[in-house]
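Data first, discussion second: the structure below is written as structure tokens.
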Amino acid sequence: MIVYGKQVVMYLLQYHPQKIEEIYLAKEIEPKLFSMMAKNNRVILRVDNKKAQALARGGNHQGFLAKIIPPTHTPIKDIKKFNRLLILCGITDVGNIGAIFRSAYCLGVEGIVLGLSESISYEGVLRSSVGAMLDIPFCISKNVLEIINELKNEGFCCYGADMKGENIQEVSIKNKWALFLGNEGAGLNRKILSKLDKIVSIKIKNDFNSLNVSVAAGILINRMC
């Protein structure tokens with residue numbers, strides 16, 4: 001798996017060096033930084049910009065790329081051992097997913113379930129999360145309704161984000177919770193909403209119809225954690 005961009009490569013070097021198999025450099029760097037990259041006999045390859053662009057599939061690599069061990073899923077039975085969870089329902093934009101991972105890790109979420117019926121680019125999620133995807137246990141489930149039942153059986157209070165919900169500032173948050181977020185187009189569907197314990201929303205002061213899902217996630221998580 002190839003990731004690129006100085007920020008994410010530096011994050012991996014600092015916090016997950018064991019994940020890095022090779023580093024590709026398309027620019028000159030300081031000797032001190034090169035020495036840090038070369039620790040533990042790590043392979044460093046010099047590549048020209050054409051090769052770097054091919055590895056990054058045209059993305060803005062900033063001269064820094066790495067081949068890494070892909071992120072691994074955590075079994076749902078282990079995810080359920082935590083107290084603060086996010087369930088992303090039908091969100092497929094890797095930029096949004098990555099931003100949610102980043103906010104979730106910063107604010108104290110302990111596990112994430114990706115409710116997806118299709119595959120997504122882990123490279124894109126990892127890059128947009130600036131590495132945080134490697135720091136939060138996550139799994140994938142195609143059956144969100146089943147997840148709700150499992151979480152309730154484990155004592156979770158299941159909250160859902162919807163514009164018609166109760167103001168999050170006025171809601172008493174349980175110690176063990178799961179927050180369900182839908183995609184920006186359709187939100188959470190009726191079947192999911194009907195099974196949740198509480199529907200919450202963010203009070204919007206100006207006349208505007210919605211927030212980006214990753215922004216909304218950050219606001220809600222900050223209130224709930």
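In the set K152, K164, only one residue is out of contact with any helix residue (DSSP H, G or I) (no Cβ under 7 Å at 6 or more places or on another chain), farther than 19 Å from G218 by Cβ, modelled with pLDDT under 95 and outside any loop (DSSP other than H, G, I, E, B); that residue is K164.
Contact map, the stretch 135-157: residues that are farther than 14 Å from V109 by Cβ paired with residues that are at pLDDT 95 or above and aromatic (F, W, Y), Cβ distance under 6 Å, separation 6+ or inter-chain. Pairs shown: C157/W177. Every condition in (1) polar (S, T, N, Q); (2) without any contact (Cβ under 8 Å) to a residue 60 or more places away in the chain; (3) surrounded by 12 or more Cβ atoms within 10 Å (Cβ to Cβ) is met by N60 except one, and the failing one is (3). For the stretch 142-165, the candidate set comprises residues that are surrounded by fewer than 20 Cβ atoms within 10 Å (Cβ to Cβ) and small (G, A, S); within that set, the residue that is farthest from L181 (Cα to Cα) is G155. Specify the residue that is nearest to C158 (Cα to Cα); the eligible residues are those in the stretch 168-188 that are touching a residue at least 40 places away in the same chain (Cβ under 8 Å) and of a type outside the set (A, V, I, L, M). Of everything passing the filter in the stretch 168-188, W177 is nearest to C158 (Cα to Cα). Against the criterion of being more than 19 Å from the chain's Cα centre (by Cα), farther than 30 Å from I68 by Cβ and assigned to a helix (DSSP H, G or I), L220 does not qualify. For beta carbons closer than 9 Å, sequence separation of 6+ or different chains, a first residue in the stretch 64-82 that is under 24 Å from A38 (Cβ atoms) and a second that is among the polar types (S, T, N, Q), the qualifying pairs are F64/Q7; I69/Q18.
Might you let me know whether the stretch 29-50 holds any residue that is closer than 30 Å to L220 by Cβ, out of contact with any strand residue (DSSP E or B) (no Cβ under 7 Å at 6 or more places or on another chain), hydroxyl-bearing (S, T, Y) and outside any strand (DSSP E or B)?
no
If you go through the stretch 91-132 and keep only what is farther than 20 Å from V9 by Cα and surrounded by fewer than 20 Cβ atoms within 10 Å (Cβ to Cβ), you end up with T92, D93, L107, G108, E110, L116, S117, E118, S119, I120. Among the criteria (1) more than 22 Å from Q18 (Cα to Cα); (2) acidic (D, E); (3) buried (at least 18 other Cβ atoms within 10 Å of the Cβ), the one D78 does not fulfil is (3).
Only a single criterion out of (1) out of contact with any Cys (no Cβ under 7 Å at 6 or more places or on another chain); (2) within 30 Å of I148 (Cβ to Cβ) is not satisfied by R84, namely (1). Listed here are the helices (runs of 4 or more DSSP H) enclosed by the stretch 66-129 that have at least 3 residues being in contact with a helix residue (DSSP H, G or I) (Cβ under 8 Å, 6 or more places away or on another chain): 94-107, 122-128.
Scanning the stretch 198-215 for residues being in contact (Cβ under 8 Å) with a residue 12 or more places away in the chain, assigned to a loop (DSSP other than H, G, I, E, B) and surrounded by 15 or more Cβ atoms within 10 Å (Cβ to Cβ) gives a total of 1.
The values are calculated or read from the model by the stated rules, or taken from the named source; none is laboratory data. In this text the structure is predicted, and so the values were computed from the model without any measurement. Note that we place each Cβ from the backbone using ideal geometry, even for glycine, and neighbour counts take in every protein chain shown.
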